Amino acid sequence: MRRLAPYQTGLWLAEYVDIRCQLCRVYRSTAPSQLLSSHLSPAAPPIADSMLTDIYRGKVARYIHRHLSRGLLCAHCHHGITWLPKSFRVDIAAGSALSIQASTFYDYPIRQAIRAFKHDEDMSKLPLLLHAIRQLPRPHGCHHDNAVIVAMPTTPQRLVKRGFDPVSILAAQLSKHWQIPLWQGVRRIDHTVSQQGLTRAERLSNLNNAFVLTETPPVKRLLLFDDVATTGASLQALARAFLPDQPYLTSLEATGTAHGSMNYGTDSARQTADVKTNKYHISAYALAHGSQNQ
C-alpha cells in the first residue's frame, strides 16, 4: 500500500476526526454548507407525519454524513475573516493586464499561518490555509479539460534550503478544490533572490527573465497561483513567460541556466493581444494580498 503523504493525512485528521475549530480550538467546526447558509434565512417548514418514517430510516446515514462533513473553522472564526477582497490588476505588457484575486487579506490570522507553514513547515497551520483555499471559487468556464493551474515555481537551491515547496503543496489542494490539474512546464531561473523585503522596483528588477517555459501549455486557460501577492510582481513576471517573444527551453536545455531578453518592439501590441485572444487566457490567484487596515 502506498504511503500516504503526511500533509494529506494531517488534513484528513483535521477535517474528519478533530471536531474543534482549527483556529480558536474552542468551538466545533462547521460544515462548509452550513457556513454558506448561516446568514438569516426563512424558517424551515414543519415536517409532515408521513416523512417521519423516512427520517428515522435515514438516521444512521445522516449521523455518518454529519460526522464526515465537518469543516475546518467554526462559524464565528469563519465570519471573522474578510474573504475575497476586490481583485487588482498588474500590467503584463502594452495593452495587456493580469487580474489577481486573493482569498483574503494578508492580515491575522492568515499572515501568521502562511509564515509558520512556509518558513517552519508548521503543519498545524495547513488546515487554516486549506480553508482559505476553499474560499476561491472556480473561475467561470474553467474545468478539467480546458484549464491548468500553474503554481509559482521555486529554484532547486531554495528547495534544498527549505526542504519542501509550500506553494506546490497549497496548489495541490487548490487543484483538488477546483478539480483542475496542475501543470509544471515553467522553470525558475536560479539567479533571482527572495522577494521578501524588496521594494516594488527591486522586485520587478529581480524578476526580469526569471521564468522560462520548458514545454508548451496543453490548454489555453492558465490559472497562476502563489501564496502571497504582495505587489503582484512575481505573478506578473510568471505571466510574462507566456508572451510570444519569451525564451523557451526544451527538456534537455532546461537542465541548465537560460537567459533571454524581453523585447517589446513595434509589434508588442499585436503580440500581447494574443495573450488574451488567440494565445492564452491568463488569470492569477493567491491566498492573501494587502492589508484591510491600509
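The values are calculated or read from the model by the stated rules, or taken from the named source; none is laboratory data. These numbers come from a predicted model, not from an experiment. As a convention, Cβ positions derive from the backbone with ideal geometry for all residues, glycine included, and neighbour counts pool all protein chains shown. Protein only, heavy atoms only, side chains kept; ligands, DNA and RNA dropped before computing areas. Shrake-Rupley method; radii C 1.70, N 1.55, O 1.52, S 1.80 Å.
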Open item on the list: One residue is enough: does the stretch 112-130 have a residue meeting the conditions in contact (Cβ under 8 Å) with a residue 24 or more places away in the chain and in a strand (DSSP E or B)?
Closed with: no
Open item on the list: Going by what's in this entry, would Ile169 be described as closer than 27 Å to Arg221 by Cα and either touching a residue at least 60 places away in the same chain (Cβ under 8 Å) or out of contact with any Gly (no Cβ under 8 Å at 6 or more places or on another chain) (or both)?
Closed with: yes
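Just checking, which of Ala48, Ala44 is modelled with pLDDT of 50 or more and hydrophobic (A, V, I, L, M, F, W, C)?
Details: Ala44 fails: modelled with pLDDT of 50 or more.
Exactly one of Ala48, Ala44 is modelled with pLDDT of 50 or more and hydrophobic (A, V, I, L, M, F, W, C), namely Ala48.
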Open item on the list: Among the residues that make up the stretch 257-279, is at least one of them touching a strand residue (DSSP E or B) at 6+ places or on another chain (Cβ under 6 Å), closer than 23 Å to Val148 by Cβ and at pLDDT 90 or above?
Closed with: no
- [ ] Could you look through the stretch 207-225, keep only residues that are modelled with pLDDT under 75 and surrounded by 18 or more Cβ atoms within 10 Å (Cβ to Cβ), and pick out the one that is farthest from Arg240 (Cα to Cα)?
- [x] Leu207
Task: Condition met for Leu72 (at pLDDT 50 or above, open to solvent by less than 100 Å² (accessible area, probe 1.4 Å) and in contact with a Pro (Cβ under 7 Å, 6 or more places away or on another chain)) - done: yes
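How many residues are hydroxyl-bearing (Ser, Thr, Tyr) and either open to solvent by less than 20 Å² (accessible area, probe 1.4 Å) or touching a strand residue (DSSP E or B) at 6+ places or on another chain (Cβ under 7 Å) (or both) when one looks only at the stretch 103-154?
We begin by selecting, within the stretch 103-154, every residue hydroxyl-bearing (Ser, Thr, Tyr); these are 103-104, 106, 108, 124, 154.
Imposing the further condition that a residue be either open to solvent by less than 20 Å² (accessible area, probe 1.4 Å) or touching a strand residue (DSSP E or B) at 6+ places or on another chain (Cβ under 7 Å) (or both) reduces the set to 103-104, 106, 154.
So the count comes out to 4.
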TODO: Pairs only if they're at least six apart or on different chains, beta carbon under 7 angstrom, first in the stretch 77-99 and touching a residue at least 40 places away in the same chain (Cβ under 8 Å) and under 25 Å from Leu129 (Cα atoms), second among the basic types (Lys, Arg) and open to solvent by 70 Å² or more (accessible area, probe 1.4 Å); list them, first residue then second.
DONE: Leu98/Arg89; Ser99/Arg89
Task: Selected residue [among the hydroxyl-bearing types (Ser, Thr, Tyr) and either under 24 Å from Trp178 (Cα atoms) or modelled with pLDDT of 95 or more (or both)] from Tyr56, Tyr106 - done: Tyr106
